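A short write-up of the structure that comes next.
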Amino acid sequence: MRQSLLLAAVLGTFALPVTVLAADAAPAEAAATPAAPAAEAKSDHTFTYNIGLYSQYVFRGLTQTQENVAVQGGADYSHSSGFYAGTWASNVSWLGDTGNYDGASIEWDIYGGYRNTILDTGIGYDVGLLQYVYPGINRRNPAAIDPFTSEVYAALSYRWITGKVSVVANNNAFAIGNARGSWYAEGNANVPIDDFGFTKDTGVTLNFHVGHQEFEGSDASGVANSKYSYTDWKLGATKSWSNGINVGFYYTDTDAIKANWLDLSGKFLGAEQFVGFIQKTF
């Protein structure tokens, strides 16, 4: 019943009414032409919001919801100077699925940074800080590692290509202890098919991704955390409309060592996955 109510709420968000207004016709002649109204000043502040329904939540190639439905949403603020901040949340189950935690059903991300372009080169850059929070979490196992994770990141982009590196700034990395300095490097290409010139105004973008997660440090017994390291990749496509609705589908997989990424039920978190979604930005 809870999933049905969530589904109804999300789908209701996308079913927005559309109103078409007809402009008044100008008179054929006028005794005097009224002065044009002053142009409204453009605000330096921009707020955007998003909500989406996903067939599951996959993060860096690993399923976070044991292949079950995820409802996700966020809010972003940006300033014309380049500074920005935002927050985002999704339901998750992976922490509870390990058997080590209770109440770990939400991932809440808080982030902020600065982005701009390098002179007139068209090359963009983005630097910032991201905090992963799991509200209401309790350790069922007293020896379980705190999963709260802080990352600093930097990215460069040109047209539809982006390269990004994220580095763990605190001691733990997603419930792996003594892992400060662990990093994730990724390359992304989001290519509008209109750019190829075969067609136009399709709103379809091809999505390509490859990333590598490297865990640094070692556990209390001296075993290197690098055993958890892996590479992931993703291929997909997204269709967007001018009203802010996006629909997409993608395939993702990893080369993670299965024995190191099993939940309590024996499910492999890094197995190949197919994900579909509908999202609205407003």
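Points to keep in mind about this one:
- Looking across the range 228-268, the residues that are surrounded by 15 or more Cβ atoms within 10 Å (Cβ to Cβ) and of a type in the set (D, E, K, R) come down to Asp232, Lys234, Asp253, Asp263.
- Ile161 being under 30 Å from Asp194 (Cβ atoms), of a type outside the set (Ser, Thr, Tyr) and out of contact with any Phe, Trp or Tyr (no Cβ under 7 Å at 6 or more places or on another chain): yes
- Unique residue being on the phi < 0 side of the Ramachandran plot, buried (at least 16 other Cβ atoms within 10 Å of the Cβ) and at pLDDT 95 or above when the list is Thr205, Thr121: Thr205
- Exactly one residue out of Tyr153, Tyr114, Tyr125 is touching a residue at least 40 places away in the same chain (Cβ under 8 Å), more than 20 Å from Thr281 (Cβ to Cβ) and assigned to a strand (DSSP E or B): that is Tyr153.
- The single condition among (1) touching a residue at least 24 places away in the same chain (Cβ under 8 Å); (2) within 26 Å of Val275 (Cα to Cα); (3) touching a strand residue (DSSP E or B) at 6+ places or on another chain (Cβ under 6 Å); (4) surrounded by fewer than 16 Cβ atoms within 10 Å (Cβ to Cβ) that Ile193 does not satisfy is (1).
- The residue list Ala179, Ala271 contains one member that is surrounded by 18 or more Cβ atoms within 10 Å (Cβ to Cβ), over 17 Å from the mean Cα position of the chain (by Cα) and assigned to a loop (DSSP other than H, G, I, E, B), which is Ala179.
- Enumeration of residues in the range 63-97 that are buried (at least 16 other Cβ atoms within 10 Å of the Cβ), outside any strand (DSSP E or B) and touching a residue at least 24 places away in the same chain (Cβ under 8 Å): Gln64, Thr65, Gln66, Glu67, Val92, Ser93, Trp94, Leu95, Asp97
The values are calculated or read from the model by the stated rules, or taken from the named source; none is laboratory data. Fair warning: this is a prediction, and the values are worked out from it, not measured in the lab. Neighbour counts run over all protein chains shown; Cβ positions are idealised from the backbone, glycine included.
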